[in-house]
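Just so you know, all these numbers are worked out from the coordinates, no wet-lab data involved. Since we're looking at a predicted model, the values are computed, not measured. Note that each Cβ is placed from the backbone with ideal geometry, even for glycine, and that neighbours are counted across all protein chains shown.
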Amino acid sequence: MTRTDDDRLDLLSHVLLPVANEEDAAATAGVLEPYDPERVTALHVVEKGGGVPDKTPVEQSEELAAESYAAVRAVFPDAREHTAYGRDVAATIADAVDEVGASAVVYRSRGGNRLMQFLSGDVSVKLATNATVPVIALPREGSAE
């Protein structure tokens with residue numbers, strides 16, 4: 001099947017951009033910018049403990065989200081924001097796709113060695129294999145990968 005520019009526009013009509021913190025948000029938005037998505041919704045997932053104390057207090061997590069959204073808006077001034085709460089980051093991102101009506105999830109891998117990926121459950125793999133919309137992995141700046 002031959003793809004056209006119209007297919008690209010549909011894919012990038014409304015991207016969901018998961019961001020972890022201000023630095024990650026700025027870097028990811030910067031790498032996404034040349035692809036010129038029509039609409040961007042920045043997503044910050046607040047990881048909940050599920051019976052154990054949360055990793056960070058809610059107020060601190062919400063402040064981190066606000067800083068992340070500001071960094072995305074420095075590149076995409078009209079970006080929307082969506083804060084989601086959950087134990088499983090990949091599942092929470094997948095739920096957010098439906099909540100905001102995204103056409104694709106666009107992210108930049110945060111890297112880490114194989115052991116860290118294994119211990120964290122590798123969100124990238126879970127997201128790519130369980131997503132209901134295309135998942136686009138952006139290149140890491142300065143990466144030859």
#### Entry: Amide H contacts under 5 Å for V46, placed H, 5+ residues apart
A84, Y85, G86
### Query
Any idea how far apart E63 and D78 come out in nm if each label point goes 7 Å out from Cα toward Cβ?
3.3 nm
### Distant-in-sequence amide H partners of L138 (H built 1.01 Å from N, under 5 Å)
Y107, R108, S109
#### Entry: Inter-site label distance for A128 and N21 at 7 Å from Cα along Cβ, in nm
2.5 nm
